[in-house]
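The structure appears right after this line, and notes come after that.
The values are calculated or read from the model by the stated rules, or taken from the named source; none is laboratory data. Since the model is a prediction, treat every value here as computed from it, not as a measurement. Please note: Cβ atoms are built from the backbone with ideal geometry, for glycine as well, and neighbour counts cover all protein chains shown. The area values use the complete protein model at the heavy-atom level, side chains included, leaving out ligands, DNA and RNA. Shrake-Rupley method; radii C 1.70, N 1.55, O 1.52, S 1.80 Å.
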Amino acid sequence: MKQLIEQIRNEAENNRSNLALLIGEMVRIRSYSGEAEDMQLYLRGKLEELGMETRLVKVEPDKLEKYKGFSYDGFSYDRRYSLIGLKKGKGGSGRSLILNGHVDVVPPGDTSCWIDDPLSGKYVNGRVYGRGALDMKGGLAAGIMAIKILEDFGYTNSGDLFFSSVCGEETGGCGAFAAVESGLSADGCIILEPTKLKICHIQSGCHTFKITVKGRSIHACMAYKGINVIDKFYILYDALKKMDRRRHERFSNRFYENPGNVAPFSVGTVAAGEWPSSVPDLLEAHGRMGIFPGETVEEMHREFEDTLRQAAETDSWLAENLPEIEWYEGLFEPAETDINSDLVKTLAASHQQILGRSVQYDAATYGSDMRIFNLYANIPTVLYGPGDVSLAHTVNEYIEIDQVLEAVCSIALMITNWCQ
């Protein structure tokens, strides 16, 4: 074991510049939502260089409608593929493992706020910059490099080793659903999301909503005779904020860093009115509502809708003109893998053996593809990868190569411990 650990460490360090180059090349390939094809073809070439069998899985939404958690996300499916690579095991007692990650990235926002082109992929002072460097092309690169260094010194796996890069994670997980629908399955799955190399075995859920509120318009000079829909929405918004606090007060789980932010409620957009001097009579609010681990989607919906109705009944106008609620897109169910499972224990041991420190555990307040593999394919799944998620979806996104190298080492040893 000691010799193997030293081999992995040395090979990882020898590939430091190659790793930075790989991440930079991946960042420079556009892979915004709906644009997965070029990225997957690039990765396919990398996997085939490692002797892996590969196949592209086209996302066909009509085949995915049977999954409760699937929803159309509004982007074209013409160029959306998931990629599955397989290093076939030699047989024996080795267990099979999936290394998974998503290739889609969110838009860069105001590019004037970036110090460089959002897709520059520049390597400066130990960091690779660019949209997707952290979320999550750095993690994907770590998985590829872990496979490469094992291949370079002739490691042979007994159990099947899969590398799965999926599309559409940011908008609901169509790529992971397509991979599962195509038959992808294993004894365990590690999603290489940025967790600062903590094992994240619990994921909260969430669902996107639209609230529509109606009022009565009139000239602003006679505003008191109209029904200002913004005033009415505030009644509802205040009730939902109080509901959010109550829900968190009754939930407890030691793995969540902030007990008041486990499955948060948030309104993201509000639109009302058409003219500055008219009382607005229609409002639409869009947001996301969190789902606690152990809570069903239906239970969350019921509490949310009951809260809206009860708040509306306190106001004479709203009681007669009840707000409308629509749930759409972005359904991420909560999921959990037992902390005492073989997958978690083996990953924790691998982390400690090669990095020389005990692993920390964490819980995700965001949705991920973890729940697709866990709930729909019955595969024990955790999140574990390099980078700090607080840097995701923001300007000047970057990943630290030192931590990606640590991930490479830990994942490589995990492969040998799990697939032996």
> Once the piece of chain linking Ser278 and Met1 is laid out straight, how much longer is it, given 0.36 nm per residue of separation minus the C-alpha distance between them?
Replying inline: 92.2 nm
> How big is D, in µm² s⁻¹, for region 106-166 by Stokes-Einstein at 25 °C and 0.890 mPa s if Rh is the Kirkwood radius over C-alpha pairs?
Replying inline: 176
> With the other protein chains left in place, how much accessible area per residue, in square angstrom, belongs to the chain at a 1.4 angstrom probe?
Replying inline: 42
>> Applying a 10 Å radius around every beta-carbon, put 101-107, 74-80, 291-297, 88-94 in order of their mean neighbour count, most first.
In response: 101-107, 291-297, 74-80, 88-94
>> Taking a ≥ b ≥ c as the square roots of the Cα gyration tensor eigenvalues, with a/c under 1.5 meaning rounded and otherwise prolate when a/b beats b/c, else oblate, which class fits region 68-139?
In response: oblate
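Please state, to two decimals, what the Cα-based radius of gyration of region 194-323 comes to when divided by 2.2 N^0.38 Å (N = residues).
Cα Rg divided by the expected 2.2 N^0.38 Å: 1.28.
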>> Between Ser252 and Lys68, how high is the FRET efficiency from 1/(1 + (r/R0)^6) when r is the Cβ-Cβ distance and R₀ = 30 Å? Nearest 0.05.
In response: 0.65
> Under 15 Å from a point 7 Å along the Cα-to-Cβ line of Glu303: which residues of region 279-294 have their amide N that close?
Replying inline: 289-294
> Using alpha carbons only, how many degrees (0 to 90, rounded to 10) separate the axis of helix 297-312 from the longest principal axis of the chain?
Replying inline: 20
> Given a 1.4 Å probe and every protein chain left where it sits, what share in percent of the accessible area of the chain is carbon and sulfur?
Replying inline: 47
> How big is the accessible area of Glu406 in square angstrom, nearest 10, if you roll a 1.4 angstrom probe over the protein chains?
Replying inline: 60
> For Tyr328 and Glu151, what does the FRET efficiency come to when R0 = 45 Å and r is the distance between their Cβ atoms, rounded to the nearest 0.05?
Replying inline: 0.50
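Given the convex hull of the Cα atoms of region 266-388, what is a quarter of its surface area in nm²?
That works out to 11.6 nm², a quarter of the Cα hull's surface.
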> Which of the aspartates and glutamates could be linked to Lys87 by a straight reach, that is with a Cα gap under 16 Å, when you skip same-chain ones fewer than 8 residues away?
Replying inline: Glu48, Glu49, Glu53, Glu151, Asp152, Asp160, Asp187
>> If you fit an axis through the alpha-carbon atoms of helix 342-355 and take the longest principal axis of the Cα set of the chain, what angle between them do you get, 0 to 90°, nearest 10?
In response: 60
>> At a threshold of 8 angstrom on Cα-Cα distance, excluding pairs fewer than six apart, so keeping six or more, what relative contact order does the chain reach in percent?
In response: 26
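Tally the DSSP beta bridges in the chain and give the antiparallel ones as a percent, rounded to 5.
Working: 45 of 62 bridges.
In the chain, approximately 75 percent of DSSP beta bridges are antiparallel ones.
Return the subset of Lys46/Lys122; Lys196/Lys345; Lys196/Lys241; Lys63/Lys198; Lys88/Lys345 for which the Cα-Cα distance in this structure is over 29 Å, preserving the input order.
Details: Lys46/Lys122 20 Å; Lys196/Lys345 18 Å; Lys196/Lys241 31 Å; Lys63/Lys198 35 Å; Lys88/Lys345 24 Å.
Correct reply: Lys196/Lys241; Lys63/Lys198.
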> Per the helix-only calculation at 222 nm, which mean residue ellipticity applies to the chain, given -39500 (n - 2.57) for every DSSP H run of n ≥ 4 and division by its residues, nearest 500 deg cm²/dmol?
Replying inline: -10500 deg cm²/dmol
> What is the percent of Cα-Cα separations in the chain that go past 34 Å?
Replying inline: 35
>> Taking the Cα centre as origin and putting +1 on Lys and Arg beta-carbons and -1 on Asp and Glu beta-carbons, what dipole magnitude results for the chain, to the nearest 20 debye?
In response: 700
> Roughly speaking, what is the stretch gain from Ser112 to Arg79, that is 0.36 nm per residue apart minus the C-alpha to C-alpha distance, in nm to one decimal?
Replying inline: 9.0 nm
> How far is helix 16-28 tilted off the main Cα axis of the chain, in degrees rounded to 10, range 0 to 90?
Replying inline: 40
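If you take the beta carbon distance between Asp315 and Asn261 as r and set R0 to 22 Å, what does 1/(1 + (r/R0)^6) give as a FRET efficiency, to the nearest 0.05? Mind dumping the intermediate values first?
Numbers: r = 29 Å, r/R0 = 1.34.
E(calc), rounded to 0.05, equals 0.15.
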> What are the lysines whose alpha-carbon lies under 26 Å from the alpha-carbon of Lys242, with same-chain residues fewer than 8 places away excluded?
Replying inline: Lys210, Lys214, Lys232
